[in-house]
């Protein structure tokens, strides 16, 4: 007697489809392709990621700001995290020893990002994925600890589940482009 073969469920097929889509249209970005100092502007809003007024204190929240290369809090520096070639630490220019951070290593969607003293933990490590899609090109930035993407919520910069639209392409509010600072 032959045992029945179990077929993949709809959920498994959906997850597999998303992963295949991600692998087919993305690739990790090498450090050499990101200039040392950049503004990150959101594809949907055209606003940049920044810490207004550049307070050099732990817990300063990250917001959308008008893109201004003349102010240090809108400029970010990417460094490979020690011992990896896939993850970056992201630091505000002239931000001392501060890094882009997910507070308390939270894995909760909607948590607003902040700057915190660089500590080497995974909640301060980010993978930048380049997308080539039907309506353009852009980057999704994923946190190593939470596996959530940098997203916008009003004026706040938050982490949320990485999403694709019906065409298996990233949603606009999670897409970023960099503007090199000259």
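If I ask for residues that are in contact with a strand residue (DSSP E or B) (Cβ under 7 Å, 6 or more places away or on another chain) and without any contact (Cβ under 8 Å) to a residue 40 or more places away in the chain, which ones from region 51-62 would you list?
52
Among the residues of region 120-131, are any touching a helix residue (DSSP H, G or I) at 6+ places or on another chain (Cβ under 8 Å), at pLDDT 95 or above and outside any loop (DSSP other than H, G, I, E, B)?
yes
Can you report the number of residues in region 166-176 which are touching a residue at least 40 places away in the same chain (Cβ under 8 Å) and surrounded by fewer than 16 Cβ atoms within 10 Å (Cβ to Cβ)?
Result for region 166-176: 2.
One line per residue, one yes/no per condition, for (1) part of a loop (DSSP other than H, G, I, E, B); (2) modelled with pLDDT under 80; (3) under 16 Å from the mean Cα position of the chain (by Cα):
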residue: 40; (1), (2), (3): no, no, yes
residue: 52; (1), (2), (3): yes, no, no
residue: 56; (1), (2), (3): yes, no, no
residue: 69; (1), (2), (3): yes, yes, no
residue: 77; (1), (2), (3): no, no, yes
residue: 86; (1), (2), (3): yes, no, yes
residue: 90; (1), (2), (3): no, no, yes
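I'd like to know if region 147-165 contains one or more residues that are in contact with a strand residue (DSSP E or B) (Cβ under 6 Å, 6 or more places away or on another chain), crowded, with 17+ Cβ neighbours inside 10 Å and not in a strand (DSSP E or B).
Yes - at least one qualifying residue is present in region 147-165.
Failed condition for residue 99, given (1) part of a loop (DSSP other than H, G, I, E, B); (2) touching a helix residue (DSSP H, G or I) at 6+ places or on another chain (Cβ under 9 Å); (3) farther than 17 Å from residue 129 by Cα; (4) at pLDDT 65 or above, with all others met?
In the conditions (1) part of a loop (DSSP other than H, G, I, E, B); (2) touching a helix residue (DSSP H, G or I) at 6+ places or on another chain (Cβ under 9 Å); (3) farther than 17 Å from residue 129 by Cα; (4) at pLDDT 65 or above, residue 99 misses (1) alone.
The values are calculated or read from the model by the stated rules, or taken from the named source; none is laboratory data. All figures in this text were calculated on a predicted structure; none of them were measured in a lab. Cβ atoms come from the backbone with ideal geometry, glycine included; neighbour counts cover every protein chain shown.
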